[in-house]
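What follows is a single structure, written as structure tokens, with notes after it.
Every number here is computed from the coordinates shown, using simple stated rules; none is lab data. Owing to the predicted nature of the structure, the values given are computational and were not obtained by experimental measurement. Heads up, the Cβs are rebuilt from the backbone with ideal geometry, glycines too, and the neighbour counts pull from every protein chain shown.
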Number of protein chains: 2
Amino acid sequence: MVKQVRLIDYPAGRAARDFWSFSGDALPALDENQIKVRIDWVSVDPGMSGWITDKPSYMPPVKPGEVMRAFGVGEVVETRSERFKVGDWVTGFLGLQTEAIFAEKAVRKIDVGQVPPQLFLSGLGMTGYTAYFGMMDIGQPQESDTVVVSAASGAVGGIAAQLAKQAGARVVGIAGGPIKCAYLTDELGLDAAIDYKAGSIGAALDAAVPAGIDLYFDNVGGEILDAVLDRMNYRGRIVVCGSISQYGDFAAARGPAGYMRVVTHSLKMQGFTMRDYMHRVPEAFETLAQGYASGSLKFREHVLEGLETFPDAYEMLFDGRNHGKLLIDIRGDH
Amino acid sequence: MVKQVRLIDYPAGRAARDFWSFSGDALPALDENQIKVRIDWVSVDPGMSGWITDKPSYMPPVKPGEVMRAFGVGEVVETRSERFKVGDWVTGFLGLQTEAIFAEKAVRKIDVGQVPPQLFLSGLGMTGYTAYFGMMDIGQPQESDTVVVSAASGAVGGIAAQLAKQAGARVVGIAGGPIKCAYLTDELGLDAAIDYKAGSIGAALDAAVPAGIDLYFDNVGGEILDAVLDRMNYRGRIVVCGSISQYGDFAAARGPAGYMRVVTHSLKMQGFTMRDYMHRVPEAFETLAQGYASGSLKFREHVLEGLETFPDAYEMLFDGRNHGKLLIDIRGDH
């Protein structure tokens, strides 16, 4: 029996714990140009909040009653496609389910010979690509730069911070709590870490970046952005990371109080999402895969086990309880 | 006798009507490398508000008791400089006064053979340069663009809007009241004008730019920026014009409510001031002077007469009562 997590209805706010149902449906026979995939790992992403609302977005919403959309990786177990043979590995929107049938065009083949398959959901997937293009194409860190990254122990921020460090910049990460901060300096090798829960973010920035900030990779907006803006150097750049838009309530999101500094210090703020860069994914993949292989890039994963953990996993994202890319290992559900 | 306008003290807010005194002092004899200049025209600029506060800024403040800083144009009437002869025309911070002595390095020679001298305070001065670099270097209007300019009948906005129109874009100007709006379409040849005082700015934008906005030249911030942001197209650009920072109260200036659209639509917001471009002034001057000579660029001036009009002139700027570059003709004061 195949297991699925389905959306019952659109939640009104972030809290969605009671909006999921678990089903166990049988699969039909394959049609031509279809494959059956056994799904081993699924990804829990902030973008999911945009898929369970009826507001217009860049993707159609998941409809009530449907299997919840999610990135996943899995192995082809049955095929009526000439493109895929049994034993091939694939990724794409495989959904929160243990097994499913897909049109051959709906998934992408991956090579898991060198790397564990779940990496295609973290550092070698959208998370890594987002960090790569945001930092390297928009931010363009220089050796002389002081770079600040918020949510720096998070899935995207951690990779973005490491890429800036590799470019020779001085990199300061902002994270919540001493454990995440120790990870930034001790594991990722950042120059300093700021615990935004420990006190005044402004005073901590004054101590960590006395000469101001040249490049800010913004994963969070809000008060931290305000404090950073006040300390941006002349001609500073702010990368407004795609994932920020997918946390919380769009309507409540407000702009930085220090808007005037954009003028007085000739700042540039630039937003992006991955749709700007889909045509350049191979470039990101190559860089990230090489970094991983050489040990110079670390991808932190936060792994839960079993589809039944999903309602809690989804809430963890918005509570900041995860540390690294949040994945669910569903091999035990098969 | 030479007449001057002096700052009595720093005003607490915008209202500065009672903070000016009028003096009539004699000038000392010239030292070496000095010139005496008869000043014919002075410029009233929003930037003045930043000079009459003790808050740190990009320029030192005018001290209480000093002659008020202002751009001006005038003629050399006495010289102990090898660089200047009697009859030369100069511009620079000549101050609110009818005659004054300057170090030769403090002023710049101008050629008034082809154009009236006061143009060096409007379209061929900082106002024109700000419009030019903001629109042409940062904004870079394309033929396929829909461009919106706020304060489009103002000194900077009017020139910026005409430059975008010349680049082939569709240009919509925002201004306050039917007279200014008629000027935008009838005199400047813009494609449409929106009277922000006439009703909902959002509804007016929906009617004027149904296909959205590609480039916004922001002279005002606030609610108009919010309404424009909601209608920015994918990969839109927002030029945050230098002069905006000099209107009103820095501390109260707030960022746009639609910050999230910066991400979802991959927008770029870029601020600038003229200090970024001082090295490229000749390029701007050339373009603007040619446009003026050929009649393709119109520079609107709002001229008052006499130094005694200054306290009112200063307040006009912030009330939006001026229409065009605000100048004072002080030839009658000599």
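Structural remarks
- Basic side chains Lys and Arg get +1 at the Cβ, acidic Asp and Glu get -1 at the Cβ, and with that the dipole of chain B about its Cα centre reaches some 520 debye.
- Each distinct pair of alpha carbons in region A:12-113 adds a 1/r term; the inverse of their mean, the Kirkwood radius, is 14.8 Å.
- In loop segments of region B:1-97 as defined by DSSP, the chymotrypsin sites (Phe, Trp or Tyr not before Pro) with at most 14 further C-beta atoms inside 10 Å of their C-beta are B:Y58.
- Helix axis angle, B:281-294 relative to chain B longest principal axis, alpha carbon, degrees: 80 degrees
- Candidates per trypsin sites (Lys or Arg not before Pro) in region B:105-160, loop by DSSP, up to 14 other Cβ within 10 Å: none
- Backbone N within region A:294-325 under 19 Å of label point (7 Å from A:S23 Cα along the Cβ vector): A:307-311
- Relative contact order for region B:126-275, counting Cα pairs under 8 Å that sit 6 or more residues apart, in percent: 22 percent
- Note that region B:181-198 has calculated 3J(HN,Hα) couplings of 5, 5, 4, 4, 7, 7, 8, 8, x, 5, 6, 7, 9, 10, 8, 5, 8, 8 Hz, one per residue in order, obtained from phi through the Karplus relation 6.51 cos²θ - 1.76 cosθ + 1.60 (θ = phi - 60°); glycine and proline are x.
- Rounded to 5, the percent of DSSP beta bridges in chain A classed as antiparallel: 55 percent
- Among the trypsin sites (Lys or Arg not before Pro) within region B:158-222, those in coil by DSSP and having at most 13 neighbouring Cβ atoms inside 10 Å are B:K197.
- Position B:K197, label points 7 Å along Cα→Cβ, spacing to each other copy in nm (shortest first, one decimal): 5.4
- Only lysine pairs 8 or more places apart or on separate chains count here, and in chain B those with Cα atoms under 13 Å apart total 7.
- Inter-copy separations for B:R17, label at 7 Å along Cα-Cβ, nm, ascending: 6.2
- Once the chain from B:V77 to B:A203 is taken as fully extended at 0.36 nm per residue, the excess over their C-alpha distance is 39.7 nm.
- Cα pair distances of the protein assembly as shown binned at 10 Å [whole percent]: 3, 14, 21, 20, 16, 12, 7, 4, 2, 1, 0
- Other protein chain Cβ atoms within 10 Å, averaged over every residue that makes up A:236-242: 2
- Cα centroid of region A:32-56 to Cα centroid of region B:43-92, whole Å: 64 Å
- The reciprocal of the average 1/r between distinct C-alpha atoms defines the Kirkwood hydrodynamic radius, which for region A:74-144 equals 14.1 Å.
- Here each label is just a point 7 Å from Cα along the line to Cβ, and for B:Q142 and B:V303 those points are 4.2 nm apart.
- A helix-only calculation puts chain A at -6000 deg cm²/dmol for mean residue ellipticity at 222 nm, using -39500 (n - 2.57) for each DSSP H run of at least four residues, averaged over all residues.
- Couplings for region A:315-322, taken from phi via the Karplus curve 6.51 cos²θ - 1.76 cosθ + 1.60 with θ = phi - 60°, read 6, 4, 3, 8, 8, x, 7, 7 Hz in order; Gly and Pro are left as x.
- In the frame of its principal axes, region A:126-275 has Cα extents of 36, 35, 30 Å, reported largest first.
- Extents of chain B, largest first, come to 64, 44, 33 Å (Cα atoms, principal axes, whole angstrom).
- In Å, descending, principal axis extents of the Cα set of region B:104-201: 52, 29, 22
- Each copy carries a label point for A:M278 at 7 Å from Cα along the beta-carbon vector; from one copy to the others these points are 4.8 nm apart, nearest first.
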